[in-house]
Amino acid sequence: MELNWLPLKDHGDETCRLIAVEGSLDIPFAVERVYYFCRTDSAARRGGHAHKELQQVFVCLNGSCTMLLDDGKERQEVRLCDPCQGLYVGRGVWREVYDFSPDAVLLALTDRHYAEEDYIRDYDAFLKWVMA
Ligand code: TYD
């Protein structure tokens, strides 16, 4: 599956990076919610679900982690390690996140508030939902 990387401009200088993300300009939606993974253990394994409607952009602010994306036809692993690159993950994509470095901070920007009914947490149910 094709990965949708969104380049984010670095306004910083030689002492510091400064990266701004403007909703509906740098990313294709207005941001409704922000969450982040941090202080990760090497055993941390997140995701393991898809969303029916939610759109997200993931930015690894520090360290690195691996994300598995699966659209029901193809699956792809990608390493996130650059705070100047957002990874857009749209509707109906199964994701898993693992192999966090100890210093990893993974930011998620989303277009909706948290809603458990938007989740598909069972992989077989996800495949059925994609095929329907
Ligand atoms: P979940 O989305 O399953 O986490 P992950 O993507 O890491 O697998 O959420 C785990 C728990 O955290 C779940 O009980 C709901 C809660 N949660 C919120 O309350 N708000 C949020 O924005 C998120 C992402 C999770």
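The values are calculated or read from the model by the stated rules, or taken from the named source; none is laboratory data. Keep in mind that what you see is a predicted model, and the values were worked out from it rather than measured. Every residue, glycine among them, receives a Cβ derived from its backbone with ideal geometry; neighbour counts consider all protein chains shown. Areas reflect the complete protein model, heavy atoms only, side chains present, ligands, DNA and RNA absent. Shrake-Rupley method; radii C 1.70, N 1.55, O 1.52, S 1.80 Å.
What share of the DSSP beta bridges in the chain is antiparallel, in percent to the nearest 5? The antiparallel proportion sits near 95 percent. Each of Arg112, Arg46, Arg33 has its accessible area taken with a 1.4 Å probe; listed largest first, they run Arg46, Arg112, Arg33. The C-alpha atoms of the stretch 14-132 occupy a region whose extents along the principal axes are 51, 34, 24 Å, arranged from largest to smallest. Note on surface exposure: Met1, Met131, Met67 rank Met131, Met1, Met67 by accessible area, highest first, 1.4 Å probe.
Please give, to one decimal in nm, the separation of the simple spin-label points placed at Glu14 and Cys81, each 7 Å out from Cα toward the Cβ. Inter-label distance under the simple model: 2.5 nm. For the stretch 1-80, applying the loop criterion from DSSP together with a ceiling of 16 other beta carbons within 10 Å to the GluC sites (Glu not before Pro) yields Glu2, Glu14, Glu22, Glu32, Glu53, Glu74. In straight-distance terms, cross-link reach from Lys73 covers every one of the lysines whose alpha-carbon lies under 18 Å from its own, apart from those fewer than eight places away in the same chain; here that gives Lys52, Lys128.
Using Cβ point charges alone (K and R +1, D and E -1), the dipole size of the chain about the Cα centre works out to roughly 220 debye. Around the Cα centre of the stretch 16-76, unit charges on the Cβ atoms of Lys, Arg, Asp and Glu (plus for the first two, minus for the last two) sum to a dipole of about 260 debye. Maximal additional length on extending the Asp71-Trp5 stretch stands at 22.1 nm, based on 0.36 nm per residue less the C-alpha distance.
When the chain is treated as a Gaussian network with alpha carbon springs shorter than 10 Å, the biggest mean-square fluctuation among His11, His113, His49 belongs to His11.
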